Amino acid sequence: MTPPAPARRRPPRRCRALTAALLASAALVASCAGPPRTDADRPPVRLSVDTPPAKGELDSFSWASYAEPPTLDYLQAFDYPQNTVLANVCESLMRWTPGLTVAPGLAERATNPDPLTWVYDLRPGVHFHDGSVMTAEDVVYSLGRQMNPDNAAAWAQVFQNVESVTGTGPLQVTVRLKQPDSQFPQYMATAAGTVAAKAGVQAEGRDYGTGGGLHCTGPFTLAAWAKGQSIELRRFDDYWGSRAKAKKVVLRFLTDPSARTNALLTGDVDGGYLIPTESYDRLRAGGSGTLYFGEGLSTVNLNVTSMDGPLGDLRVRRALSLALDRSGFVRTGLAGAGTVTGSLTTGAAWAGAPESVRTTAFAHLTPTTQDIDRAKSLVKEAGAEGARITVATSSIGQDVSLLATAVQAAGARIGLDVRLRTIAPNAFTALFTDPQARVGLDAFPETYYDSITDPLDLLVNFRTGAYQNFAGFSDQRYDDLVDRATAAYDPAERGAIEAELQRTASEQLLWIPVAEWPTTVFLNKRITGAPTTIAYLYYPWAADVGAAQ
């Protein structure tokens, strides 16, 4: 999943101009600041925000994807394959920029007249791909699909504090909250804020997202989906924004990392995100293009999925963490392009917090130095010697397979019987969405990316009933802290509460943190313009790609 010159530099902060109303909005103050850039937080690679701008248009370019999306319904746009496609076809009320800031999207203005109200004034004259014009009714319907419990939307948690979404004018939508929610306006720049044509989605019915029209507003339309092979996007010439530089994009599903790398080296495909770590050196030396690194807001973790087995005992979780060779994993699994961490959140996620809060947040975290003797002692104390633990692995990339192997090796050194279960790349995404896919598993490697520049995006996952609270952890004090942080619009106040949440999550080790990891993109010599940061999951990255010469 996600993620060389030894020199490090500070990528420019590029805060796009926001409307006066957005600048006045307390909830979005942190977004304009952008992620903090300090050498202490930075992995040993050169990071950038963008690749060089395109010099001209293209008839087409091709792109490598490690897996085929299971659906293109925006309700389930919760993983890399879906979002990499949908970011170019469907759009949201707000937009995450390559600099990881929030800017206007389909809403040209967002205002917050009181802590319980958000008003979105829509752009006039925005056309859906079928030619119809976007209205407030389409927005109300689209957000309503996310809120409908019958749809089991991956983004439903974003709407937990929403009382109502109503059209208060032909081009105005008002969201009323049950309580103040600092996260909701930020998530309107993700797939949670996607807008599709009401009539079109209703016409597709249960087939929506399976290959027919998506009825969105983005710079590309879904032209064809050859199941098991590729997805083709075509430029939408009636797009409200800047026209895409390429007439056509073909995203090819190349599940084998070696095949994906060879296709990049030979020019069979022009570029791709999520480059296999084992391919970094080959791509750097191949002479066919350039490998770029950008801010990923990503941490590599071991996600505990069951508390019924040995990992239900905190002592066993601590033992496994203490036995992990994190430095070895970064060298091999991440090809050195990462940093060992005992934190579940990245340093860059704390953009809006004062330095004092950041210091507190990163104190007293999970130890990262191996301590085999202490780990053995904890296993013995828990009575878990010889206990079996089943961990998922996959050939998606070395970041998954070698972390699983590292966990198995760590277990063997301290008396645990760690078994690996291989999951096909196309099926790996089901671990996030389908409880049945996790049956029989105790844990799986997860590279978690923040969808907003706020640590609560990750920390909320340990709230009772949260979407990714796979282990079923429940603690009322933790839930109360999440509620307080959510309600705090002031970044300093929210950050202090989030620091306390981070400490609790660290103590519980429901996910075992391993490393921070930047995102990667490879472009061959004929194309350029793609953003390098994790923003590509919600930003129309393909529209920026054009001719390099």
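When the gyration tensor of the stretch 54-158 is built from Cα positions, what are the square roots of 5 times its three eigenvalues, in whole Å, from largest to smallest? Each step should come with its number before you reach the end.
On the way: eigenvalues 130, 81, 46 Å².
Those come to 26, 20, 15 Å.
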Over the stretch 228-280, volume per residue of the alpha carbon convex hull, in Å³: 104 Å³
For the stretch 105-229, the charge dipole (Cβ of Lys, Arg +1; Cβ of Asp, Glu -1; about the Cα centre) points to a positive end, and the Cα of 157, 180, 116 closest to that extreme belongs to 157
The long-range amide H neighbours of residue 421, using H built 1.01 Å from N in the peptide plane and a cut-off of under 5 Å, are 391, 392, 393
In cubic angstrom, how much convex hull volume per residue do the alpha carbon atoms of the stretch 424-470 span? 93 Å³
Have a look at the DSSP beta bridges in the chain and tell me what percent are antiparallel, nearest 5. 80 percent
Rounded to a whole number of µm²/s, how large is the Stokes-Einstein D of the stretch 238-395 at 20 °C and 1.002 mPa s, given Rh as the Kirkwood radius over C-alpha pairs? 109 µm²/s
Debye intensity ratio I(q)/I(0), log10, the chain, q values 0.05 Å⁻¹ (C-alpha model): -0.18
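Which of the residue pairs 55/227; 55/247; 227/525; 198/245 have a Cα-Cα distance greater than 25 Å in the structure shown? Mind dumping the intermediate values first?
Values: 55/227 33 Å; 55/247 15 Å; 227/525 29 Å; 198/245 29 Å.
Too far apart for the 25 Å limit: 55/227; 227/525; 198/245.
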Once Rh is set to the Kirkwood radius over Cα pairs, what Stokes-Einstein translational diffusion coefficient, in µm²/s, holds for the stretch 87-240 at a temperature of 10 °C and a viscosity of 1.306 mPa s? 100 µm²/s
If amide H atoms are modeled at 1.01 Å from N in the peptide plane, then the residues at a separation of 5 or more from residue 240, or on another chain, having amide H under 5 Å from its own are 127
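What does the accessible area per residue of the chain come to in Å², with a 1.4 Å probe and no ligands, DNA or RNA counted?
Working: 19050 Å² over 549 residues.
Dividing the accessible area of the chain by its residue count gives 35 Å².
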Within the chain, what whole-number % of the accessible surface is contributed by carbon and sulfur, with the 1.4 Å probe and all protein chains included in the calculation? 48 percent
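Provide the three semi-axes, in whole Å and in decreasing order, of the ellipsoid equivalent to the stretch 409-508 as defined by the square roots of 5 times the Cα gyration tensor eigenvalues.
Numbers: eigenvalues 177, 55, 33 Å².
Equivalent-ellipsoid dimensions as semi-axes: 30, 17, 13 Å.
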What full-extension length gain, to one decimal in nm, is calculated for residue 163 and residue 479 as 0.36 nm per residue of separation minus the Cα-Cα distance? 111.8 nm
If DNA, RNA and ligands are ignored and the probe is 1.4 Å, what is the ranking of 184, 473 by accessible area, most exposed first? 473, 184
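Peptides 145-153, 119-127: what's the order by average Cβ count within 10 Å, highest mean first?
Details: 145-153: 14.6, 119-127: 17.9.
The packing order, highest mean first, is 119-127, 145-153.
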Using only protein heavy atoms and a 1.4 Å probe, report how much of residue 59 is accessible, in Å² to the nearest 10. 110 Å²
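Let me know the charge dipole size of the stretch 454-549 about its Cα centre in debye, to the nearest 20, where only the beta-carbon of Lys, Arg (+1) and Asp, Glu (-1) is charged. The partial results should precede the final answer.
Numbers: 7 positive and 13 negative charges, 116 e Å.
In debye, rounded to 20, the stretch 454-549 gives about 560.
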Run the helix sum for the chain: -39,500 (n - 2.57) per DSSP H stretch of 4+ residues, divided by residue count, reported at 222 nm to the nearest 500 deg cm²/dmol. -7500 deg cm²/dmol
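Stokes-Einstein D for the stretch 465-549 at 10 °C, 1.306 mPa s, Kirkwood Rh over Cα pairs, in µm²/s? Walk me through the intermediate numbers first.
Working: Rh = 16.6 Å.
For these conditions, the coefficient is 96 µm²/s.
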May I ask for log10 I(q)/I(0) of the stretch 40-104 at q = 0.25, 0.26 Å⁻¹, from a Debye sum over the Cα atoms as equal point scatterers with solvent left out? -1.19, -1.18
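Using only C-alpha positions, report the orientation-averaged shadow area of the convex hull of the stretch 269-327, nm², one decimal. Walk me through the numbers before you get to the answer.
Values: hull surface 26.0 nm².
Quarter of the Cα hull surface area: 6.5 nm².
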Just read off the accessible area of residue 290 with the full protein assembly in place, 1.4 Å probe, to the nearest 10 Å². 60 Å²
Roughly how big is the chain's charge dipole about its Cα centre, with Cβ charges of +1 (Lys, Arg) and -1 (Asp, Glu), in debye to the nearest 20? 1360 debye
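The values are calculated or read from the model by the stated rules, or taken from the named source; none is laboratory data. Remember, it's a predicted structure, so these values are computed and weren't measured experimentally. Neighbour counts are summed over all protein chains in view; Cβ atoms, including those assigned to glycine, are modelled from backbone coordinates with ideal geometry. Note: areas computed on protein heavy atoms with side chains; ligands, DNA, RNA excluded. Shrake-Rupley method; radii C 1.70, N 1.55, O 1.52, S 1.80 Å.
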